[in-house]
Amino acid sequence: MRRIFLSLNKAGLYYLSVVLMLLISNTAIARDIYVDPDQGNDAAIEGPFKTIRQAIRIAEPGDTIHLLPLVYHEYAGFYGKQGTPEKPIILDGHGATLEGSDPIDLTQWAEVKPDLYRCENLMPALSDAILQRWFFLWNGKMVHMGRTSKGPSEEFKKPEDLQPGEWTFVKQTAPTGQIERAEKSSQVTGAFYLKLSLGAQLSEQNLRIPVRSAGVQFGGSGKNHNAHLVIRNLTCTHPYNDGFNIHGHCENVLFENIRAIECGDDGISAHETAEYRVDGFVSIGNSTGICDTGASRTSYNRVFIRDCLGFDLFFLDTGRYTLTNSVILSSAVRTLTLVGRDDPDQPCSLTMKNVFIRRVAGKNEVRVSRNCVLNASFLTLMGLNFQATGGEVSLHDSLIVSAPALQSLNPAYNYLTKSAKAADLLNPELLIWKDVKWTADRNCYELQSLRVDKTFFTPTQFGQFQQLTGQEQESKWVSSVTAETGFGADLAKLKQSTIPENELETERVRTLLP
């Protein structure tokens, strides 16, 4: 009997120790982890650390990584990093910038002709995808040479045709015996060229190149996915790919008050099965403002986009996307595009509420394709056509109106010069293809034309359109919109909650807002 009693005591002590360990682990004090690129040391036990990479590596649930309001020349990579629902891991930038570019190495450049410089080893690895996104920062200004990731791109110029302030790339032709291997490899070899003004010095050009692929990057799937993370108060700029590049699977991830400025591809992009929320996002001068793909699930609130190049908004595949309380000043080749896959049971779905989109120059459109679903309310489209070629559209309490010409507004980037030349009044057209499921009411239209399949309607025939579709019973088509209320986005609210103060103070933004 005594031996059994002792055995039970030992078992009881064992289980008690396990319970105590669990209690201790669950009540562990969350740490504040600091990153100082100048004074930090990655070998330190508690920090401050020198790199963001080391801070992320050691972070545990409940910890907060603090950056200084400085420029960091590195990226923040999250690969299978997980907090808990109650204790997320937080990266607070406190206004920090993750800079994707570095100055060129002057020793790698040779002057091959007067004022023409050549470099064969600019990057350790190049591909056509990188070249499509490539740019130089020349005295602080992006030089794209008429090229961008998701828009029309000009061919590279011949070196002898370059003008001062321009660059080009010449691919190296593989020897005969290496052609087959070169075709299987995505790597590209060749030389970059820079043309300077007469007598200018290369050292005085303040030239930088994008050397990092992203500002914030996610990767991981299965058990090694990212989860329960918060990333806030951070700017990503000048990578050759995305500002925020979210791959793999992630869940319960929140981005707050983030910015992507002048990135080679997307401001932010969700891939595969990423799931995250964004509250406060500024996207300026990127190839694409937002581009989400795969089966991702994303939600954006308080987004401000301007001066993007290829797409302002691009949503693809079988994802579920939401955009609310947002302002898009559209200059890109394509304003808003939804593209679904072949399976109608898995459509690409976008929900929009209280969104203002204004076309800056050149005709463009909102396009909804087959196997897509757009559910929009309190949406304002100024100077934009609306074309539904397939899928389903639900449009309520919205405003589609013209936008005046702005001849005095110069493009922010050289890539946008062509579209900026078109200074005509932007009168919208509404085109609904025959296979579209159109559900709409309480909208106000100021249109150049309205067409359903092959039938055109005039303002006086709007009643026939209502009868044909069985929709829009409380909608109206007006000749001009002066002070229509109850339709479209609440611009006063958006100016207060979404558009950054420094943007509201610029003449460019003030000119574009009614």
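Restricting the search to strands (runs of 3 or more DSSP E) fully inside the range 283-400 and requiring at least 2 residues that are at negative phi, of a type outside the set (Phe, Trp, Tyr) and open to solvent by 30 Å² or more (accessible area, probe 1.4 Å) gives 297-306, 320-330, 334-339, 348-359, 365-368, 372-382, 392-396. Inspection of the range 160-169 finds a residue satisfying the criterion of being in a helix (DSSP H, G or I), over 20 Å from the mean Cα position of the chain (by Cα) and at pLDDT 95 or above.
Looking at (1) touching a Pro at 6+ places or on another chain (Cβ under 8 Å); (2) surrounded by 14 or more Cβ atoms within 10 Å (Cβ to Cβ); (3) of a type outside the set (A, V, I, L, M, F, W, C), which is the one condition that is false for His94? Among (1) touching a Pro at 6+ places or on another chain (Cβ under 8 Å); (2) surrounded by 14 or more Cβ atoms within 10 Å (Cβ to Cβ); (3) of a type outside the set (A, V, I, L, M, F, W, C), the lone unmet condition for His94 is (2). For Gln466, the conditions (1) surrounded by fewer than 20 Cβ atoms within 10 Å (Cβ to Cβ); (2) closer than 26 Å to Ile284 by Cβ are fulfilled apart from (2). Is at least one residue of the range 401-419 of a type in the set (Gly, Ala, Ser), more than 25 Å from the chain's Cα centre (by Cα), surrounded by fewer than 19 Cβ atoms within 10 Å (Cβ to Cβ) and more than 27 Å from Lys476 (Cβ to Cβ)? Checked against the condition, which is being of a type in the set (Gly, Ala, Ser), more than 25 Å from the chain's Cα centre (by Cα), surrounded by fewer than 19 Cβ atoms within 10 Å (Cβ to Cβ) and more than 27 Å from Lys476 (Cβ to Cβ), the range 401-419 yields at least one hit. For the range 476-514, filtered to residues that are loosely packed, with under 11 Cβ neighbours inside 10 Å and β-branched (Val, Ile, Thr), the residue that is nearest to the chain's Cα centre (by Cα) is Thr485. Residue check: Tyr117 meets all listed conditions (1) assigned to a strand (DSSP E or B); (2) open to solvent by 50 Å² or more (accessible area, probe 1.4 Å) but one, namely (2). Among the residues of the range 235-251, some residue qualifies, meaning at least one is crowded, with 22+ Cβ neighbours inside 10 Å, over 30 Å from Lys171 (Cβ atoms) and under 17 Å from the mean Cα position of the chain (by Cα).
The values are calculated or read from the model by the stated rules, or taken from the named source; none is laboratory data. Predicted, not measured: the structure shown is a model, and the values here were computed from it. In this analysis, Cβ positions are derived from the backbone assuming ideal geometry, glycine residues included, and neighbour counts consider all displayed protein chains. What goes into the accessible areas is simple: the full protein's heavy atoms, side chains included, and nothing from ligands, DNA or RNA. Shrake-Rupley method; radii C 1.70, N 1.55, O 1.52, S 1.80 Å.
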